[in-house]
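Chemist: Before I ask anything, here is the structure I am working with.
The values are calculated or read from the model by the stated rules, or taken from the named source; none is laboratory data. This one's a predicted model, so the numbers in the text were calculated from it and none came from an experiment. Here the Cβ is made from the backbone with ideal geometry for all residues, glycine too, and neighbour counts use every protein chain on show. We work out accessible area using only protein heavy atoms, side chains counted, and drop any ligands, DNA or RNA first. Shrake-Rupley method; radii C 1.70, N 1.55, O 1.52, S 1.80 Å.
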Amino acid sequence: MLWATAGVVTLAFLVVLEIAARHYGLPGPVTYQVRELTFPPKSGFLLYASMALTMVVLTWRERFIAIGVALGIDIVFLLARWAAGADLTDGHPFGNGALWVIVGCAVIAVTRRTGRERLLLLKGVGLGLLLVAGRKTGDTWLLITSKTRATVLDPYVATADRALGDPSWVVGRIVRATGTVGAHALDYVYAQLAVAAVVVAMYQLRHVATERRFPRHHLVRTFLVIGLLGPAVYMVFPVVGPVFAYGADGGHWAVADLWPDTAPPLGTPHPIPFDGITPRNCMPSLHTAWATAIFIHSRKGPRLLRYAGTFWLIATLTATLGFGYHYGADLVAGAVFTLTIEAALRAYDRGWDRSGLQLVAHGTAVFAALLLAYRFLPVRMAAHPWLFGPLLLLAMLSVVHRFVRTTGLWEPKPTPIPQPEPQPELGAVP
């Protein structure tokens with residue numbers, strides 16, 4: 001019933017977003033997803049990552065068959081487009097085969113499987129499709145934010161960011177100094193965040209095929225909840241980012257062309273009008289939120305996975321600031337946002353005891369306080385950076401500390417192995 005309810009709610013949510021997108025004359029997430037069955041996909045890597053999630057329920061023989069079928073379909077599509085003279089640079093030339101395999105697994109589950117095996121395969125299909133749908137849903141949400149929020153609050157966040165030392169301007173100059181090599185490397189990390197998440201999720205789900213069941217909690221759950229709740233905050237606190245509000249990418253809508261060379265002058269912040277195209281997707285930084293989730297879930301993996309999770313977090317933070325997509329205040333809010341969601345999911349699995357309620361309440365209170373401070377105290381924060389800068393970091397670290405301490409107590413303790421009592425030696429005289 002839980003999975004059926006989740007499926008119905010997800011479908012209804014996608015239909016609502018489809019209708020909203022159609023209202024603005026653009027296709028929605030459902031249309032985009034159906035189109036990728038035949039048209040070049042936006043991200044072939046994401047589709048193959050989604051197929052990998054679906055394959056966690058398959059045997060090794062079935063996995064090799066699925067990969068072969070996906071590659072074969074992609075080759076056929078590529079040759080057909082080349083023969084028809086289609087534009088091969090429009091989207092990725094691969095990925096359709098992976099989507100067809102996911103759909104094929106759904107058909108097999110309905111027509112060839114029964115009982116628990118059918119449910120397990122449908123869960124795998126749902127997991128793969130949810131990752132794809134999450135990406136498409138996010139694109140539609142960004143469209144809605146740009147169409148419904150005519151003004152943005154960038155001057156408030158830019159002013160509050162003085163308390164943190166204008167990190168976007170500082171890192172932006174550093175990334176520029178690294179040249180095209182550094183920029184391209186960071187851009188790849190930034191764009192392939194979902195693929196990194198799938199690598200960690202695959203490790204967590206590596207025993208599904210043999211145990212025939214999913215673990216109670218894994219990274220994909222956190223990823224999807226972040227993507228579901230984050231855009232709601234975009235609507236409440238619309239921000240476009242320094243490269244648009246204070247850089248050349250904002251065109252004539254920008255306050256001035258200052259990023260990353262000159263920090264914006266201090267003044268009385270006020271909402272500013274902006275175009276109907278640029279997404280208001282900064283507060284909180286969901287890239288920071290997702291990268292933080294990857295870091296948290298990679299902690300129980302092998303050393304290489306832990307190193308990769310740490311690298312992806314650092315590189316993502318560098319990219320979000322260095323490309324001017326986010327302010328430092330966005331990153332602080334994004335980290336608190338993720339820790340609160342992760343705490344809520346773990347507390348839900350435990351049954352909402354007192355420690356779980358207190359942890360979630362703490363994270364929620366800090367996140368709300370951050371948003372209120374950015375909106376109503378930015379001038380004071382900029383005037384007293386040595387006070388408010390450490391306060392912002394301490395507020396975030398208080399959530400980190402409580403999360404680590406509380407979830408550490410939740411971890412099952414290893415059962416001590418009973419030691420055999422010493423026995424008297426044979427032949428010994430009592």
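Chemist: Considering only residues that are outside any helix (DSSP H, G or I) and touching a residue at least 40 places away in the same chain (Cβ under 8 Å), look in region 170-214 and name the one that is most open to solvent (accessible area, probe 1.4 Å).
Modeler: ARG213
Chemist: Then there is this: I need a count of the residues in region 389-414 that are within 22 Å of the chain's Cα centre (by Cα) and either crowded, with 17+ Cβ neighbours inside 10 Å or acidic (Asp, Glu) (or both).
Modeler: Number satisfying all stated conditions: 4.
Chemist: Turning to a different aspect of this structure: Enumerate the pairs (first residue in region 283-297 and without any contact (Cβ under 8 Å) to a residue 40 or more places away in the chain; second residue anywhere and open to solvent by 10 Å² or more (accessible area, probe 1.4 Å)) with beta-carbon separation below 8 Å, excluding pairs fewer than 6 apart on the same chain, so at least 6 apart or on different chains.
Modeler: PHE295/THR310; PHE295/TRP312; PHE295/LEU313
Here's the yes/no breakdown for (1) touching a residue at least 24 places away in the same chain (Cβ under 8 Å); (2) part of a loop (DSSP other than H, G, I, E, B); (3) open to solvent by less than 70 Å² (accessible area, probe 1.4 Å):
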site	(1), (2), (3)
ALA20	yes, no, yes
TYR32	yes, no, no
PRO40	yes, yes, yes
ALA49	yes, no, yes
ILE73	yes, no, yes
ARG81	yes, no, yes
ALA98	yes, no, yes
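Chemist: Also, I was wondering about something else. Just one of the numbered conditions (1) more than 24 Å from the chain's Cα centre (by Cα); (2) buried (at least 19 other Cβ atoms within 10 Å of the Cβ); (3) not basic (Lys, Arg) is not true of THR59; which one?
Modeler: (2)
Chemist: Continuing with the same structure: Looking only at residues that are over 13 Å from the mean Cα position of the chain (by Cα) and part of a loop (DSSP other than H, G, I, E, B) in region 283-313, which one is farthest from LEU229 (Cα to Cα)?
Modeler: PRO302
Chemist: Same structure again: Scan region 123-149 for residues that are in a helix (DSSP H, G or I), within 20 Å of SER285 (Cβ to Cβ) and of a type outside the set (A, V, I, L, M, F, W, C) and report the count.
Modeler: The qualifying residues number 8.
Chemist: Specify the residue that is surrounded by the most Cβ atoms within 10 Å (Cβ to Cβ); the eligible residues are those in region 249-287 that are in contact with a Leu (Cβ under 6 Å, 6 or more places away or on another chain) and among the polar types (S, T, N, Q).
Modeler: Within region 249-287, the match that is surrounded by the most Cβ atoms within 10 Å (Cβ to Cβ) is SER285.
For (1) farther than 30 Å from VAL57 by Cα; (2) open to solvent by 10 Å² or more (accessible area, probe 1.4 Å); (3) touching a residue at least 24 places away in the same chain (Cβ under 8 Å), each residue gets a yes or a no:
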residue: ARG118; (1), (2), (3): no, yes, no
residue: LEU121; (1), (2), (3): no, no, yes
residue: LEU131; (1), (2), (3): no, yes, yes
residue: LEU143; (1), (2), (3): yes, yes, yes
residue: LEU153; (1), (2), (3): yes, yes, yes
residue: TYR156; (1), (2), (3): yes, yes, yes
residue: ASP161; (1), (2), (3): yes, no, yes
residue: GLY165; (1), (2), (3): yes, yes, yes
residue: SER168; (1), (2), (3): yes, no, yes
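Chemist: Something else about it: I'd like the full set of residues that are among the basic types (Lys, Arg) and at pLDDT 90 or above, limited to region 401-424.
Modeler: ARG402, ARG405
Chemist: From the list VAL336, VAL332, VAL360, pick out the single residue that is assigned to a helix (DSSP H, G or I) and over 18 Å from the mean Cα position of the chain (by Cα).
Modeler: None of the other options fit; the residue is VAL360.
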